[in-house]
Amino acid sequence: MMPEPVLQAAAAELPNWRGRGVSVMECSHRAKPFVEMAHQAEADLRALLDIPDEYAVLFMHGGACGQFSAVPMNLSRADAKADYAMTGHWSGRAISEARLHLGEVGTVCELERSSSGARIPPLTQWRLNPDADYLHYTPNETIDGVEFHWIPESETPLVADMSSCILSQPLDVRKFALIYASAQKNIGPAGLTLVIVKRSLLSGARDGTPSILDYTKVCAADSMLNTPPTFAWYMSGQVFQWLLEQGGLEEIQRRNAIKADKLYNYIDAEDFYSNEVAGECRSRMNVPFKLADADREASFLEESEDAGLLNLKGHRSVGGMRASLYNALPEAAVDALIEFMREFVRTRA
Ligand SMILES: *Cc1c(COP(=O)(O)O)cnc(C)c1O
């Protein structure tokens, strides 16, 4: 979801961006106003996340799935080892892709499912390999609704796929070697992928790495090695400004906690709905839930859509429902969903 004021502002200036008589997407990415806008977006992102100078910020293509390859190709040799935490759908996808590029991919832990809910095993139980080049994890599993509320710090450089939780709360970037996130969950339009990487790791990717996935080359070219996703970059910059105007990530974290608590509290109190994740591992961004009567799912989805509540269908790999509560989603939308859910139970009883 995009913030309403950002959509309005973008719509208003679409035909005539910065008085140039053309839209931003008709501008050359080498034109001065575009380059200025691009630099401002980076500066605003740095301010939001308090990104230290020792980290480069890259604006790349190819989505998080592109990074599943870029990470091993930049941080490891072909016969090397890396560790991965397996906590849901997206870490599974990252592991499969890493196997194409590494000698050995260690699975340090797996999500535990039991009647008391899905749980991430504590770090003390992880099978960490001291020779691994890096440790990869997925702080928020978008599809499974599982989130780390802690950072797995170890000796090994830490890599995180933050696609669905970036900018949802303040973050200590210094704890990470590399953070990546595709834009389309919590930032802006699809097409842009953010990478925040420690500059000391930019000593060249392995032989054969496509240049557009080579962090060192992309950084040297100021993320303009080829044409970047210009419109997505511009829209993301607008979202960064909106976040700053809202009071930054502490305020966003506060609002996100209120939204998630409301929805989980309702689901837990109502027998008709259930969420199968243990309390301490629940995602504040994505709330999957099931109906006690699975035959009612189709009518739930149809009627909720008619009521203006969109995108509630769970991912095709898991079924059920999923409410995504990304930054731009107002608390009133959560209230409307709960009201609908209550009414749905009442009329079926
Ligand atoms: C959506 C998502 C992806 C995939 O992103 P693409 O941009 O489609 O490649 C990967 N990881 C996480 C955590 C996601 O939420």
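Answer with yes or no whether Tyr84 is hydroxyl-bearing (Ser, Thr, Tyr), open to solvent by less than 50 Å² (accessible area, probe 1.4 Å) and more than 16 Å from the ligand (Cβ to nearest atom). Step through it out loud before you land on a result.
Details: hydroxyl-bearing (Ser, Thr, Tyr): yes; open to solvent by less than 50 Å² (accessible area, probe 1.4 Å): yes; more than 16 Å from the ligand (Cβ to nearest atom): no.
Here the answer is no, as Tyr84 does not meet what is asked.
Cβ contacts < 6 Å: first residue under 16 Å from Arg254 (Cβ atoms), restricted to segment 309-338; second residue of a type in the set (S, T, N, Q) and surrounded by 20 or more Cβ atoms within 10 Å (Cβ to Cβ), any location; separation 6+ or different chain. Result?
Hits for this filter: Tyr326/Asn186; Asn327/Asn186.
Out of all the residues in segment 180-206, which are open to solvent by less than 30 Å² (accessible area, probe 1.4 Å), modelled with pLDDT of 95 or more and out of contact with any Pro (no Cβ under 9 Å at 6 or more places or on another chain)?
The answer is Tyr180, Ala181, Ser182, Asn186, Ile187, Leu194, Val195, Ile196, Val197, Ala205.
Among the listed residues Ala181, Ala177, Ala118, which satisfies the condition of being out of contact with any His (no Cβ under 7 Å at 6 or more places or on another chain), small (Gly, Ala, Ser) and within 29 Å of Pro3 (Cβ to Cβ)?
Matching residue, one of Ala181, Ala177, Ala118: Ala181.
Note down all Cβ pairs under 8 Å where the first residue falls in segment 203-224 and is within 12 Å of Leu75 (Cα to Cα), the second is of a type outside the set (A, V, I, L, M) and open to solvent by 60 Å² or more (accessible area, probe 1.4 Å), and they're at least six residues apart or on different chains.
Between residues of segment 203-224 that are within 12 Å of Leu75 (Cα to Cα) and residues that are of a type outside the set (A, V, I, L, M) and open to solvent by 60 Å² or more (accessible area, probe 1.4 Å), the close pairs are Ala205/Lys217; Arg206/Arg77; Thr216/Ser203.
Does segment 274-282 contain any residue that is in contact with a helix residue (DSSP H, G or I) (Cβ under 6 Å, 6 or more places away or on another chain) and over 24 Å from Leu111 (Cβ atoms)?
No, there is no match, as no residue in segment 274-282 is in contact with a helix residue (DSSP H, G or I) (Cβ under 6 Å, 6 or more places away or on another chain) and over 24 Å from Leu111 (Cβ atoms).
Given the options Phe240, Phe300, name the one that is open to solvent by less than 60 Å² (accessible area, probe 1.4 Å) and under 18 Å from the mean Cα position of the chain (by Cα).
Numbers: Phe300 fails: under 18 Å from the mean Cα position of the chain (by Cα).
Being open to solvent by less than 60 Å² (accessible area, probe 1.4 Å) and under 18 Å from the mean Cα position of the chain (by Cα) holds for just one of Phe240, Phe300, which is Phe240.
Residue by residue, here is whether (1) open to solvent by 10 Å² or more (accessible area, probe 1.4 Å); (2) more than 16 Å from the ligand (Cβ to nearest atom); (3) in a helix (DSSP H, G or I); (4) in contact (Cβ under 8 Å) with a residue 24 or more places away in the chain holds:
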| site | (1), (2), (3), (4) |
| --- | --- |
| Ala9 | yes, yes, yes, yes |
| Arg18 | yes, yes, yes, no |
| His29 | yes, yes, no, yes |
| Glu36 | yes, yes, yes, no |
| Leu45 | no, yes, yes, yes |
| Ile51 | yes, yes, no, yes |
| Cys65 | yes, no, yes, yes |
| Phe68 | no, no, yes, yes |
| Asp79 | yes, yes, no, yes |
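Exactly one of (1) farther than 16 Å from Pro3 by Cα; (2) crowded, with 18+ Cβ neighbours inside 10 Å is unmet by Ile258. Its number?
(2)
Tally the residues that are surrounded by fewer than 15 Cβ atoms within 10 Å (Cβ to Cβ) and basic (Lys, Arg), restricting the search to segment 87-118.
Looking only at that region, the number is 2.
Of the conditions (1) closer than 16 Å to Asp161 by Cα; (2) within 16 Å of the ligand (Cβ to nearest atom); (3) not small (Gly, Ala, Ser), Leu111 fails just one. Which one is it?
(1)
Pick out the one residue from Pro152, Pro121 that is part of a loop (DSSP other than H, G, I, E, B), in contact (Cβ under 8 Å) with a residue 60 or more places away in the chain, out of contact with any Pro (no Cβ under 8 Å at 6 or more places or on another chain) and open to solvent by less than 30 Å² (accessible area, probe 1.4 Å). Lay out the reasoning, then the answer.
Values: Pro121 fails: in contact (Cβ under 8 Å) with a residue 60 or more places away in the chain.
When all the criteria are applied, what remains is Pro152.
Please go through segment 303-332 and pick out each residue that is part of a helix (DSSP H, G or I) and buried (at least 18 other Cβ atoms within 10 Å of the Cβ). Break it down into steps so the answer makes sense when it comes.
Going residue by residue through segment 303-332, those that are part of a helix (DSSP H, G or I) are 303-306, 331-332.
Ser304, the sole residue that qualifies.
Do you know which residues across segment 124-149 are open to solvent by 10 Å² or more (accessible area, probe 1.4 Å), of a type in the set (S, T, N, Q) and either within 16 Å of the ligand (Cβ to nearest atom) or outside any loop (DSSP other than H, G, I, E, B) (or both)?
If the condition is that a residue be open to solvent by 10 Å² or more (accessible area, probe 1.4 Å), of a type in the set (S, T, N, Q) and either within 16 Å of the ligand (Cβ to nearest atom) or outside any loop (DSSP other than H, G, I, E, B) (or both), then Thr124, Gln125 are the ones that fit.
Of all residues being more than 23 Å from Ile143 (Cα to Cα) and in a helix (DSSP H, G or I) in segment 333-349, which is least open to solvent (accessible area, probe 1.4 Å)? Just the residue, please.
Result: Phe344.
With respect to Asp214, determine if the residue is open to solvent by less than 60 Å² (accessible area, probe 1.4 Å), within 12 Å of the ligand (Cβ to nearest atom) and not β-branched (Val, Ile, Thr).
No: the conditions fail for Asp214.
Being more than 16 Å from the ligand (Cβ to nearest atom) and open to solvent by 40 Å² or more (accessible area, probe 1.4 Å) is the filter here; which residues of segment 155-179 pass it? Show your work before the answer.
Step one: filter segment 155-179 for residues more than 16 Å from the ligand (Cβ to nearest atom), giving 155-157, 170, 172-175, 177.
Answer for segment 155-179, where residues must be more than 16 Å from the ligand (Cβ to nearest atom) and open to solvent by 40 Å² or more (accessible area, probe 1.4 Å): Glu155, Pro157, Pro170, Asp172, Arg174, Lys175.
Check segment 276-285 and report whether any residue there is under 20 Å from Val146 (Cβ atoms), surrounded by 15 or more Cβ atoms within 10 Å (Cβ to Cβ) and among the polar types (S, T, N, Q).
For segment 276-285, residues under 20 Å from Val146 (Cβ atoms), surrounded by 15 or more Cβ atoms within 10 Å (Cβ to Cβ) and among the polar types (S, T, N, Q): present.
The values are calculated or read from the model by the stated rules, or taken from the named source; none is laboratory data. Everything quoted here is computed from the prediction, not taken from an experiment. Note that each Cβ is placed from the backbone with ideal geometry, even for glycine, and that neighbours are counted across all protein chains shown. Quick note on the areas: whole protein, heavy atoms, side chains included, nothing else; ligands and nucleic acids left out. Shrake-Rupley method; radii C 1.70, N 1.55, O 1.52, S 1.80 Å.
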